[in-house]
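Read through the structure below, which is laid out as structure tokens, and then see the notes.
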Amino acid sequence: MSDAAPDVLVVGAGPTGLCLAAELHRHGLAVRIVEKEPAPSPLSKALAVHARSLELLERLGVTEELLRRGIEVTSVTVHARGRPIVHFRLDELHSRYGYILGLPQSDTEAVLADELARRGMTVERGTALDALERGPGGVSATLVGPDGGREELRVPWLVGCDGAHSTVREALGEPFEGHRASEVFALADVRVDGEDFHGDALTSFFSEEGTVGLIPMPGVRRARLVATLADDAAAVTVAGGAELGGDGRVPPPTLEELQRLLAERAPEADLRIDDPSWLSTFRVSYRLVPHYRVGRVFLAGDAAHIHSPAGGQGMNTGLQDAFNLAWKLAAVHGGVGRSELLDSYEHERRAIAEGVLESTERATQVATLRNPIGRKLRDEVARFLTSLEIVQERISAGAAGLAISYATSPVVAQHQSSLLRARIGSERTAESANVTGWRAFNAAPAAGTRAPDGTVGQRGRDRSVRLFELFAASTGHALLLFDGEAPTPDGYRNLAEIGRRVRERVGELVDVHIVVPRDDVPAELAGWDGSLLFDPEGDAELAYGARAECLYLVRPDGYIGFRSQPADGDRLLAYLERVFI
């Protein structure tokens, strides 16, 4: 615990809480994080860390350690009736992380906890939130420590990251709306032998008896096995003769029972399991809170949403909650951000959670179909659709978190001049967009979507740098001013003037970068004392559709807050007035 009075109390030290605490600290806030459990859970729990999470975790400097501990899962295959019906690779994702990182949640938490320790912070374990009371200027919280002692604490902000059985959510009186599904699943962390086990492939088998899947884990031939057991909420017979009681709980299956299920549902595969380190059963619920913000209290992660583990979305959705909330809370607490930023947290993240609940429930229902005609139709449709490259790309990008969009958010905006005003002719003849340049910008990432990466040179550096490196090095917004393919003196002067106006208006809240399509300093920018990025190969230009003059304002969570073609300083400053005080 820090001697300084905390700005934020984070309740819960799972991946979401740990990530949020570290990111808030990176943004300059004093944070306390408490966890009622006396020790971290040793269970593997969530296994998948997706590409977008790995990109954002670069900001905390922990991605390389996560990669060192995990394994790369580069393909997905689904079998039915003895043949593959779905197969696609992940290594063509538009990210440097073209895979799912297979890593136990316990390792992810350990890496994040180490990062907190590096920042001088400690998780206060065995400390539970007993009560909270909201007020106009802060939150009063009652904590109960490991020795039973009570502490009364007053904080400006409190965030509940305390899981599906959230004490914070209950204290707020927020309902957890939704339902519990009928399916019962078994899971086991096991060693897998056999020629048909591939340590870099997520593999599933659909059959009349049910579904079984293998998710690779770190370790020699280790994997998570997941299998359907039953789909009746009443007392029904399941593996080994166990029965569902009135509370819906199922005893963990034995290794022998799971081997039998594997042999029944994947008879064509050479697969044998042994050496279990975890055997369990679970039932899926789909629940979502109506509000992510109640005054100065927020909910994030499983405290706000739970759903099927299909696609490995749960932990990753919580991590995205943390990155979305952290910069907004820091800006408002610091007196530079408008309060509407905090309202946008719920607007943006709840919509994403609704989509995750819907897509994971649909995927689970499709995977557990029992009607023979429905299964046959499913198999044929899946085989056809996933043979199309565009479908593979959409599925992969969606699961990886690269397709998240906040396009309807009240705090994002964009402007593009009419196509009727586009020129006919070469881009290199004038700064204004021609038809080709207009179309390139129109098809580029829109406001509210993920800002793409790219490799550029930077004045003052003796090596190339990734745009994501520049974004991660700061806690502010990043403004990219593109000159396009027509490097004219007037164009350079306009970009420099926009940069100067932004710096005068908001100072260090925005890092300004002028991007030029060459590898030296244009004479017109010799007096520009800010960041100058060199893009002679057009890597950044292509990623941002910047064939003509334009600008992009990238938020601290890596999403585009505002963009315009042409680069319009007045519109940009008007947008900044909506975000900053």
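Candidates VAL366, VAL289: the one that is farther than 29 Å from GLU58 by Cβ, within 20 Å of the chain's Cα centre (by Cα) and of a type in the set (Val, Ile, Thr) is VAL289.
Considered as a group, the residues in the stretch 85-108 that are crowded, with 20+ Cβ neighbours inside 10 Å and among the aromatic types (Phe, Trp, Tyr) include one that is farthest from GLN313 (Cα to Cα), and that residue is TYR97. Candidates in the stretch 514-525 are the residues that are aliphatic (A, V, I, L, M) and out of contact with any Lys or Arg (no Cβ under 8 Å at 6 or more places or on another chain); of these, the one that is surrounded by the fewest Cβ atoms within 10 Å (Cβ to Cβ) is ALA523. Just a yes or no: is a residue in the stretch 326-342 assigned to a helix (DSSP H, G or I), assigned by TED's automatic domain parsing to the domain that holds GLY138, among the acidic types (Asp, Glu) and within 18 Å of the chain's Cα centre (by Cα)? There is no residue in the stretch 326-342 that is assigned to a helix (DSSP H, G or I), assigned by TED's automatic domain parsing to the domain that holds GLY138, among the acidic types (Asp, Glu) and within 18 Å of the chain's Cα centre (by Cα). Those residues that are assigned to a helix (DSSP H, G or I) and surrounded by fewer than 21 Cβ atoms within 10 Å (Cβ to Cβ), I need them from the stretch 526-554; list them, please. Selection gives ASP539, LEU542, ALA543. Does the stretch 480-501 contain at least one residue that is more than 21 Å from SER432 (Cα to Cα) and of a type in the set (A, V, I, L, M, F, W, C)? Taking every residue of the stretch 480-501 in turn, none turns out to be more than 21 Å from SER432 (Cα to Cα) and of a type in the set (A, V, I, L, M, F, W, C). Residues of the stretch 448-465 being more than 28 Å from PRO410 (Cα to Cα), touching a residue at least 60 places away in the same chain (Cβ under 8 Å) and not β-branched (Val, Ile, Thr), which ones? GLY457, GLN458, ARG459, listed by residue number. Checked against the criterion of being more than 28 Å from TRP278 (Cα to Cα) and crowded, with 24+ Cβ neighbours inside 10 Å, the stretch 23-30 has at least one qualifying residue. Within the stretch 142-167, being buried (at least 21 other Cβ atoms within 10 Å of the Cβ) and either basic (Lys, Arg) or modelled with pLDDT under 95 (or both) holds for no residue. Only a single item in (1) surrounded by fewer than 17 Cβ atoms within 10 Å (Cβ to Cβ); (2) touching a residue at least 60 places away in the same chain (Cβ under 8 Å); (3) touching a strand residue (DSSP E or B) at 6+ places or on another chain (Cβ under 9 Å) is not met by GLU195, and it is number (3). Regarding ALA353, is this residue in a helix (DSSP H, G or I), within 30 Å of PHE282 (Cα to Cα), small (Gly, Ala, Ser) and at pLDDT below 90? For ALA353, the condition - in a helix (DSSP H, G or I), within 30 Å of PHE282 (Cα to Cα), small (Gly, Ala, Ser) and at pLDDT below 90 - is not met. In the stretch 356-390, the residue that is surrounded by the most Cβ atoms within 10 Å (Cβ to Cβ) out of those that are β-branched (Val, Ile, Thr) and in a helix (DSSP H, G or I) is VAL356. Applying the condition of being surrounded by fewer than 18 Cβ atoms within 10 Å (Cβ to Cβ) and more than 17 Å from GLY219 (Cα to Cα) to the stretch 34-70 and asking which residue is farthest from the chain's Cα centre (by Cα) yields PRO38.
None of ARG26, ARG69 is in the same structural domain as ALA304 (by TED's automatic domain parsing) and within 20 Å of ASP114 (Cβ to Cβ) except ARG26. Do we have any residue at all in the stretch 227-236 that's closer than 15 Å to LEU271 by Cα, outside any loop (DSSP other than H, G, I, E, B) and either modelled with pLDDT of 95 or more or under 34 Å from the mean Cα position of the chain (by Cα) (or both)? So far as the stretch 227-236 goes, yes, one or more of its residues are closer than 15 Å to LEU271 by Cα, outside any loop (DSSP other than H, G, I, E, B) and either modelled with pLDDT of 95 or more or under 34 Å from the mean Cα position of the chain (by Cα) (or both). Within the stretch 4-21, is there a residue that is at pLDDT below 95 and either touching a Phe, Trp or Tyr at 6+ places or on another chain (Cβ under 6 Å) or not basic (Lys, Arg) (or both)? For the stretch 4-21, residues at pLDDT below 95 and either touching a Phe, Trp or Tyr at 6+ places or on another chain (Cβ under 6 Å) or not basic (Lys, Arg) (or both): present. The residues in the stretch 440-498 that are in a helix (DSSP H, G or I) and at positive phi can be counted, and the count is 0. Considering each residue of the stretch 282-289 in turn, none proves to be among the aliphatic types (A, V, I, L, M), within 16 Å of ALA48 (Cβ to Cβ) and modelled with pLDDT of 95 or more. The residues listed here are ASP193, ASP189; of these, the one that is outside the structural domain of PRO38 (by TED's automatic domain parsing) and within 26 Å of the chain's Cα centre (by Cα) is ASP189. Checked across the stretch 304-317, the condition of being surrounded by fewer than 23 Cβ atoms within 10 Å (Cβ to Cβ) and more than 23 Å from THR364 (Cα to Cα) holds for no residue. Here GLU393 fulfils each of the conditions (1) of a type in the set (Asp, Glu); (2) surrounded by 15 or more Cβ atoms within 10 Å (Cβ to Cβ); (3) under 24 Å from ALA331 (Cβ atoms) apart from (3). Pairing residues of the stretch 269-283 that are under 16 Å from PRO309 (Cβ atoms) with residues that are outside any strand (DSSP E or B) and among the basic types (Lys, Arg), at Cβ distances under 9 Å and at least 6 apart in sequence or on separate chains, gives THR281/ARG249; ARG283/ARG249. If the condition is being at pLDDT below 95, in a loop (DSSP other than H, G, I, E, B) and not acidic (Asp, Glu), then the stretch 84-125 contributes LEU90, LEU93, HIS94.
The values are calculated or read from the model by the stated rules, or taken from the named source; none is laboratory data. Predicted model, so just to flag it, every value in this text is computed and none were measured. Here Cβ is always computed from backbone atoms with ideal geometry, including for glycine, and neighbour counts include all displayed protein chains.
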